[in-house]
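Before any comments, here is the structure.
The values are calculated or read from the model by the stated rules, or taken from the named source; none is laboratory data. None of the values given here were measured: they were computed from a predicted structure. Cβ placement follows ideal geometry from the backbone for every residue including glycine, while neighbour counts extend to all protein chains displayed. Just so you know, the surface numbers come from the protein's heavy atoms only, side chains and all, with ligands and any DNA or RNA stripped out. Shrake-Rupley method; radii C 1.70, N 1.55, O 1.52, S 1.80 Å.
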Amino acid sequence: MANWTHHRARINGIDMHYVSEGEGPLVVLLHGFPHTWFSWRHQIGALADAGYQVVAPDLRGMGQSDVPDRLEDYRVDNVVADICGLLDHLGHDSAVFSGLDYGQFIAYDIAIERPERVRGVIGLQNPFYAAYDRLPSEIERERGREHFNHMSYYLDDPDGARVDLDAHPREILMKIFHILSGDGDFAQVWEHPPGTTYRQALPQPPALPWSWLSEWELETYVSEYSRSGFGGGINWYLAADMNWTYRKSRADNITRTPFYFLCSASDVDLLNWHGDDPIDKLKEHHADVRAVRTVPGGGHLLAMENPAEVNKVLLEFLADLDRSSSA
């Protein structure tokens with residue numbers, strides 16, 4: 001039986017929802033899109049049982065947190081302020097952060113801009129910011145002229161994408177979760193021509209239950225996105241150029257807090273959006289790499305697909321960090 005406690009608080013000008021469990025050093029888990037705090041359901045209790053206070057917020061624009069309309073509200077500095085404000089609300093000076101996709105990038109931003117608030121970072125699947133040498137919109141639109149590309153789809157027709165996704169939450173969530181899993185093949189999406197909708201480009205997944213997702217678990221996501229809509233998550237994509245420019249303007253984009261990395265060998269994101277040999281390039285982006293672990297089995301949604309192994313590695317990383325902090 002889960003011992004999750006749901007909270008709502010006014011933080012950095014938005015109403016934020018977060019889930020917590022346990023007592024001890026703080027670990028903050030940050031989700032991506034289309035996710036909510038619920039994507040950490042297998043990790044929260046396991047880490048809490050090991051002696052940590054675990055907090056999983058709904059990021060702005062998703063779940064039960066507010067959904068701002070302005071793109072500026074999704075800029076790096078505003079989102080960093082959300083999470084630092086959450087630490088203040090919780091009464092903690094610092095935390096260990098881990099995340100996925102946009103959530104992981106926030107962890108890197110906090111480590112760079114507010115290192116005093118970071119005990120350590122555990123990278124999951126996304127080793128560093130996507131390897132763009134130009135505005136993301138330019139590169140993704142070039143890809144989108146050759147074949148369907150979900151990034152350019154959101155950029156070129158955000159209103160159409162939002163309307164379509166909002167009208168079919170169960171279908172799109174089920175399709176995205178399956179194609180990103182170890183059982184999916186994202187290359188099938190790129191076989192479709194430009195002008196295809198994301199929903200049309202995604203192959204039909206097998207019926208539930210899957211080995212890692214039940215009907216009621218999917219319904220939890222469907223219920224949340226049926227209420228919030230997908231517009232907030234799409235805004236994170238639309239803010240990509242703004243955030244790329246913002247990060248480029250910083251004097252330094254290297255984390256200097258303790259860094260650990262956990263990934264699956266077959267992750268489509270790791271293989272396609274971070275250049276050649278991203279694992280070999282970790283030290284170019286993180287000055288204090290402590291450990292790297294590749295977990296067999298599972299795709300991009302590793303924490304849901306292979307939770308036992310992920311939890312084992314997370315606890316090993318946290319124990320190593322605790323030992324080094326007390327030495």
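Tabulated results
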{"item": "Candidates ARG117, ARG141, filtered to the one that is over 27 Å from ASP157 (Cα atoms), without any contact (Cβ under 8 Å) to a residue 40 or more places away in the chain and either open to solvent by 10 Å² or more (accessible area, probe 1.4 Å) or of a type outside the set (A, V, I, L, M, F, W, C) (or both)", "result": "ARG117"}
{"item": "Top-ranked residue of the range 281-303 - restricted to ones that are farther than 25 Å from ALA187 by Cα and among the aliphatic types (A, V, I, L, M), ranked as farthest from the chain's Cα centre (by Cα)", "result": "ALA287"}
{"item": "Cβ-Cβ under 9 Å pairs, at least 6 apart or on other chains, the range 82-104 side at positive phi, far side open to solvent by 10 Å² or more (accessible area, probe 1.4 Å) and not aliphatic (A, V, I, L, M)", "result": "ASP101/PHE33; ASP101/TRP236; ASP101/ASP269"}
{"item": "Selection count where residues are small (Gly, Ala, Ser) and part of a helix (DSSP H, G or I), scope the range 76-122", "result": "5"}
{"item": "Long-range neighbours under 8 Å by Cβ, at least six apart or interchain, first residue outside any helix (DSSP H, G or I) within the range 244-258, second loosely packed, with under 14 Cβ neighbours inside 10 Å and charged (D, E, K, R)", "result": "ILE254/GLU284"}
{"item": "For PRO158: the one exception among (1) touching an Asp or Glu at 6+ places or on another chain (Cβ under 8 Å); (2) farther than 17 Å from GLY32 by Cβ; (3) open to solvent by less than 70 Å² (accessible area, probe 1.4 Å)", "result": "(1)"}
{"item": "Single unsatisfied condition, PHE148 versus (1) in a loop (DSSP other than H, G, I, E, B); (2) under 20 Å from the mean Cα position of the chain (by Cα)", "result": "(2)"}
{"item": "Tabulated pairs, the range 179-202, first closer than 17 Å to GLU146 by Cβ and touching a residue at least 40 places away in the same chain (Cβ under 8 Å), second acidic (Asp, Glu) and not in a helix (DSSP H, G or I), C-beta under 8 angstrom, 6+ apart or interchain", "result": "none"}
{"item": "Given (1) under 22 Å from the mean Cα position of the chain (by Cα); (2) not in a helix (DSSP H, G or I), index of the condition THR220 fails", "result": "(2)"}
{"item": "Qualifying residue in the range 264-280 (condition: under 18 Å from the mean Cα position of the chain (by Cα), touching a residue at least 12 places away in the same chain (Cβ under 8 Å) and in a strand (DSSP E or B))", "result": "yes"}
{"item": "Residue among ILE110, ILE44, ILE122, ILE14 that alone is touching a Lys or Arg at 6+ places or on another chain (Cβ under 8 Å) and either buried (at least 24 other Cβ atoms within 10 Å of the Cβ) or at pLDDT below 95 (or both)", "result": "ILE110"}
